[in-house]
Each structure stands twice: as structure tokens, then as C-alpha cells.
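K.L.:
For reference, the structure I am asking about is given below.
What follows is calculated from the coordinates using simple rules that are stated; it is not laboratory data. Just so it is clear, the model here is predicted, and its values are computed rather than measured. Cβ atoms come from the backbone with ideal geometry, glycine included; neighbour counts cover every protein chain shown.
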Amino acid sequence: MVKKIFTTRTKYGSFQCVAEPEKDTGGYSVEANGVAGAISWGKTLTEAKKMILEAIEGAIEAQTLSVVF
């Protein structure tokens with residue numbers, strides 16, 4: 001399995017991500033380096049890239065809210 005490394009741009013900045021093909025379920029799992037909880041999956045690499053963007057923004061927003069409350 002070949003890992004694919006890419007950078008995704010969000011409204012909070014750019015983040016390096018690692019996508020890896022899923023042998024058992026198919027599709028791709030993807031994780032954002034340096035963003036706790038930013039893990040996602042997509043049926044295709046393109047879908048996985050869109051999903052990790054949402055996961056990054058959601059994780060950052062959740063961290064921000066937990067600091068406020």
C-alpha cells in the first residue's frame with residue numbers, strides 16, 4: 001500500500017495530510033498531521049480529500065469551543 005501525502009487548504013490554514021488505501025473496506029483513510037481528531041475516510045481519494053477538510057475544520061472549531069467553555 002502506498003501512502004499519499006498532500007497539503008489541504010482550509011479557512012484555518014494549510015495542513016499536511018496522509019491518505020492510505022484501505023485494504024479491507026476499500027477507499028482511503030486520511031489523517032491530518034498536527035490536528036488532533038482530524039481523521040476521515042472516502043470512497044475515492046477525491047472524496048477523502050473533501051472529507052478531511054471538513055474534519056480539520058470541525059476538530060479546530062471543537063477545540064476552540066472547549067477552550068471558551
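K.L.:
Around residue 37, with a cut-off of 13 angstrom between Cβ atoms, what is the net charge of the other residues, counting Lys and Arg +1 and Asp and Glu -1?
P.N.:
Working: positive: none; negative: 31, 54, 57, 61.
Counting the neighbours of residue 37, the net charge comes to -4.
K.L.:
Using mean Cβ contacts within 10 Å as the protection proxy, how do 57-65, 37-45 order, highest first? Display every interim value, and only then the final one.
P.N.:
Numbers: 57-65: 13.4, 37-45: 16.2.
Put in order of decreasing packing, that is 37-45, 57-65.
K.L.:
Taking just the C-alpha trace of the chain, give me its Rg and Dmax in Å.
P.N.:
12.4, 42
K.L.:
If each DSSP helix of 4+ residues adds -39,500 (n - 2.57) and the sum is divided by the residues in the chain, what number results at 222 nm, nearest 500 deg cm²/dmol?
P.N.:
-12500 deg cm²/dmol
K.L.:
Considering only the other residues whose Cβ falls under 11 Å of the Cβ of residue 19, what net charge follows from Lys and Arg at +1 and Asp and Glu at -1? Can you show the working numbers first?
P.N.:
Details: positive: 3, 4, 49; negative: 20, 22, 31, 47.
Spelling it out: positives minus negatives among the neighbours equals -1.
K.L.:
Still on this model: Please find the FRET efficiency linking residue 45 to residue 12, where r is the Cβ-Cβ separation and R0 is fixed at 30 Å, and quote it to the nearest 0.05.
P.N.:
Details: r = 22 Å, r/R0 = 0.74.
Calculated value: 0.85.
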